[in-house]
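Read the structure below first, then the notes.
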Amino acid sequence: LDLSQLGDHRKKRAGALSGGMKRRLNIAAALLHDPRILIFDEPTTGVDPQSRNHIFETIRRLHAEGRTVVYTTHYMEEVEALCDHVAIMDHGKLVACDTLEALLSRATPTSARITLTDGDTLESLRARLPGADVQAEGQSLEQVFLELTGRGLRDAS
(Lines give C-alpha, C1' and ligand atoms only; values in the text may rest on other atoms or scores of the structure.)
Protein backbone atom coordinates (compact mmCIF):
# COMPACT_ATOMS: atom_id res chain seq x y z
CA LEU A 1 0.00 0.00 0.00
CA ASP A 2 2.91 2.35 0.67
CA LEU A 3 4.43 1.75 -2.76
CA SER A 4 1.11 2.26 -4.52
CA GLN A 5 0.15 5.17 -2.23
CA LEU A 6 -3.23 3.57 -1.62
CA GLY A 7 -3.06 3.50 2.18
CA ASP A 8 -5.90 6.00 2.51
CA HIS A 9 -8.09 3.70 0.36
CA ARG A 10 -7.19 0.36 1.99
CA LYS A 11 -10.77 -0.35 3.07
CA LYS A 12 -12.24 0.20 -0.40
CA ARG A 13 -13.02 -2.62 -2.78
CA ALA A 14 -10.91 -2.67 -5.93
CA GLY A 15 -14.01 -1.99 -8.04
CA ALA A 16 -14.54 1.32 -6.22
CA LEU A 17 -11.07 2.63 -7.13
CA SER A 18 -10.34 4.97 -10.05
CA GLY A 19 -8.57 3.67 -13.15
CA GLY A 20 -5.22 5.03 -12.00
CA MET A 21 -5.67 3.55 -8.54
CA LYS A 22 -6.50 0.16 -10.07
CA ARG A 23 -3.32 0.27 -12.14
CA ARG A 24 -1.27 1.08 -9.03
CA LEU A 25 -3.02 -1.73 -7.16
CA ASN A 26 -2.12 -4.13 -10.00
CA ILE A 27 1.54 -3.20 -9.61
CA ALA A 28 1.40 -3.68 -5.84
CA ALA A 29 -0.23 -7.10 -6.26
CA ALA A 30 2.39 -8.13 -8.82
CA LEU A 31 5.15 -7.31 -6.32
CA LEU A 32 3.77 -9.35 -3.41
CA HIS A 33 5.92 -12.39 -4.24
CA ASP A 34 9.04 -10.27 -4.92
CA PRO A 35 9.55 -11.27 -8.58
CA ARG A 36 12.83 -10.60 -10.39
CA ILE A 37 11.00 -10.15 -13.71
CA LEU A 38 7.95 -7.94 -14.15
CA ILE A 39 5.78 -7.68 -17.25
CA PHE A 40 3.78 -4.49 -17.72
CA ASP A 41 1.21 -4.63 -20.50
CA GLU A 42 0.11 -1.09 -21.38
CA PRO A 43 0.02 0.02 -17.73
CA THR A 44 -0.80 3.67 -18.43
CA THR A 45 -3.78 3.26 -20.74
CA GLY A 46 -6.60 5.48 -19.53
CA VAL A 47 -4.87 6.89 -16.46
CA ASP A 48 -4.50 10.49 -15.35
CA PRO A 49 -1.13 12.27 -15.65
CA GLN A 50 -0.34 11.93 -11.93
CA SER A 51 -0.93 8.17 -11.96
CA ARG A 52 1.08 7.85 -15.17
CA ASN A 53 3.96 9.71 -13.56
CA HIS A 54 3.74 7.52 -10.43
CA ILE A 55 3.78 4.38 -12.58
CA PHE A 56 6.87 5.66 -14.43
CA GLU A 57 8.65 6.43 -11.14
CA THR A 58 7.74 2.99 -9.79
CA ILE A 59 9.05 1.24 -12.92
CA ARG A 60 12.30 3.22 -12.80
CA ARG A 61 12.73 2.37 -9.11
CA LEU A 62 12.05 -1.34 -9.71
CA HIS A 63 14.60 -1.38 -12.55
CA ALA A 64 17.15 0.46 -10.40
CA GLU A 65 16.68 -2.29 -7.77
CA GLY A 66 17.90 -4.78 -10.37
CA ARG A 67 14.60 -6.19 -11.57
CA THR A 68 14.01 -6.95 -15.23
CA VAL A 69 11.05 -4.99 -16.56
CA VAL A 70 9.29 -5.97 -19.78
CA TYR A 71 7.09 -3.09 -20.92
CA THR A 72 4.58 -3.32 -23.76
CA THR A 73 2.88 -0.24 -25.14
CA HIS A 74 1.75 1.57 -28.24
CA TYR A 75 3.01 4.86 -26.79
CA MET A 76 6.50 5.33 -28.20
CA GLU A 77 7.25 8.33 -25.98
CA GLU A 78 6.83 6.00 -22.97
CA VAL A 79 9.34 3.58 -24.46
CA GLU A 80 11.79 6.45 -25.03
CA ALA A 81 11.32 7.58 -21.42
CA LEU A 82 11.64 4.16 -19.78
CA CYS A 83 13.45 1.60 -21.91
CA ASP A 84 17.05 0.95 -22.85
CA HIS A 85 16.39 -2.09 -25.06
CA VAL A 86 13.50 -2.19 -27.53
CA ALA A 87 11.81 -4.88 -29.59
CA ILE A 88 9.43 -3.81 -32.36
CA MET A 89 6.73 -6.27 -33.39
CA ASP A 90 4.65 -6.09 -36.57
CA HIS A 91 1.86 -8.57 -37.29
CA GLY A 92 3.25 -10.89 -34.61
CA LYS A 93 6.77 -10.87 -36.03
CA LEU A 94 9.87 -9.34 -34.53
CA VAL A 95 11.10 -6.69 -37.00
CA ALA A 96 13.76 -5.01 -34.85
CA CYS A 97 15.46 -5.59 -31.52
CA ASP A 98 18.26 -3.34 -30.32
CA THR A 99 19.16 -0.64 -27.85
CA LEU A 100 16.99 2.47 -27.92
CA GLU A 101 20.02 4.48 -28.99
CA ALA A 102 20.76 2.17 -31.94
CA LEU A 103 17.16 2.19 -33.10
CA LEU A 104 16.93 5.97 -32.89
CA SER A 105 20.08 6.26 -34.99
CA ARG A 106 18.23 4.41 -37.78
CA ALA A 107 15.57 7.11 -38.08
CA THR A 108 15.81 9.67 -40.81
CA PRO A 109 16.69 12.98 -39.12
CA THR A 110 14.07 15.69 -39.45
CA SER A 111 16.37 18.54 -38.42
CA ALA A 112 20.00 19.32 -37.60
CA ARG A 113 21.79 21.47 -35.04
CA ILE A 114 24.81 23.55 -35.97
CA THR A 115 26.91 24.86 -33.10
CA LEU A 116 28.82 28.08 -33.68
CA THR A 117 32.27 28.30 -32.09
CA ASP A 118 33.99 31.45 -30.83
CA GLY A 119 34.38 34.00 -33.58
CA ASP A 120 31.98 32.28 -35.96
CA THR A 121 29.30 34.27 -37.69
CA LEU A 122 26.53 33.01 -39.90
CA GLU A 123 28.50 34.16 -42.93
CA SER A 124 31.74 32.49 -41.86
CA LEU A 125 29.83 29.31 -41.06
CA ARG A 126 28.29 29.27 -44.51
CA ALA A 127 31.79 29.58 -45.97
CA ARG A 128 33.05 26.55 -44.06
CA LEU A 129 29.92 24.44 -43.50
CA PRO A 130 31.77 21.13 -44.03
CA GLY A 131 33.78 21.86 -40.86
CA ALA A 132 30.80 22.78 -38.69
CA ASP A 133 29.61 20.64 -35.77
CA VAL A 134 26.38 19.20 -37.21
CA GLN A 135 24.30 16.72 -35.22
CA ALA A 136 21.11 15.02 -36.34
CA GLU A 137 17.97 15.77 -34.36
CA GLY A 138 14.29 15.09 -34.55
CA GLN A 139 14.60 11.31 -34.51
CA SER A 140 11.93 9.43 -32.59
CA LEU A 141 11.07 5.82 -31.89
CA GLU A 142 7.66 6.41 -33.45
CA GLN A 143 9.41 7.46 -36.66
CA VAL A 144 11.56 4.29 -36.55
CA PHE A 145 8.45 2.17 -35.94
CA LEU A 146 6.62 3.68 -38.91
CA GLU A 147 9.66 3.34 -41.16
CA LEU A 148 9.95 -0.36 -40.22
CA THR A 149 6.26 -1.30 -40.28
CA GLY A 150 4.73 1.13 -42.77
CA ARG A 151 2.39 4.05 -42.38
CA GLY A 152 -0.80 2.43 -43.63
CA LEU A 153 -3.72 1.94 -41.26
CA ARG A 154 -4.15 -1.52 -39.73
CA ASP A 155 -7.93 -1.81 -39.65
CA ALA A 156 -9.16 -5.33 -39.04
CA SER A 157 -11.07 -6.75 -41.99
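Within region 110-153, restricting attention to residues that are modelled with pLDDT of 75 or more, open to solvent by 60 Å² or more (accessible area, probe 1.4 Å) and part of a loop (DSSP other than H, G, I, E, B), the residue that is farthest from Val86 (Cα to Cα) is Gly119. Annotation note: Cβ proximity below 7 Å between a residue of region 63-85 that is of a type in the set (Ser, Thr, Tyr) and a residue that is assigned to a loop (DSSP other than H, G, I, E, B) and open to solvent by 60 Å² or more (accessible area, probe 1.4 Å) (sequence gap 6+ or interchain) occurs for Thr68/Arg36.
Each row is one residue, and each column tells you yes or no for (1) small (Gly, Ala, Ser); (2) at pLDDT below 90.
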{"position": "Gly19", "(1), (2)": "yes, yes"}
{"position": "Arg23", "(1), (2)": "no, yes"}
{"position": "Phe56", "(1), (2)": "no, no"}
{"position": "Arg60", "(1), (2)": "no, no"}
{"position": "Ala64", "(1), (2)": "yes, no"}
{"position": "Met76", "(1), (2)": "no, no"}
{"position": "Ala81", "(1), (2)": "yes, no"}
{"position": "Asp84", "(1), (2)": "no, no"}
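Among the residues of region 59-102, those that are hydrophobic (A, V, I, L, M, F, W, C) and part of a helix (DSSP H, G or I) comprise Ile59, Leu62, Ala64, Met76, Val79, Ala81, Leu82, Leu100, Ala102. Look at Ala87 and say whether it is in contact with a Cys (Cβ under 7 Å, 6 or more places away or on another chain) and open to solvent by 30 Å² or more (accessible area, probe 1.4 Å). Answer is yes for this residue.
Restricting Phe40, Phe56 to residues that are part of a strand (DSSP E or B) and within 17 Å of the chain's Cα centre (by Cα) narrows the list to Phe40.
Residue-level check: of (1) over 20 Å from Ala81 (Cβ atoms); (2) under 20 Å from the mean Cα position of the chain (by Cα), Gly15 misses just (2).
The values are calculated or read from the model by the stated rules, or taken from the named source; none is laboratory data. None of the values given here were measured: they were computed from a predicted structure. Cβ sites come from the backbone with ideal geometry, for glycine too, and all protein chains shown count toward neighbours. These area figures cover heavy atoms from the full protein model, side chains too; ligands, DNA and RNA do not enter into them. Shrake-Rupley method; radii C 1.70, N 1.55, O 1.52, S 1.80 Å.
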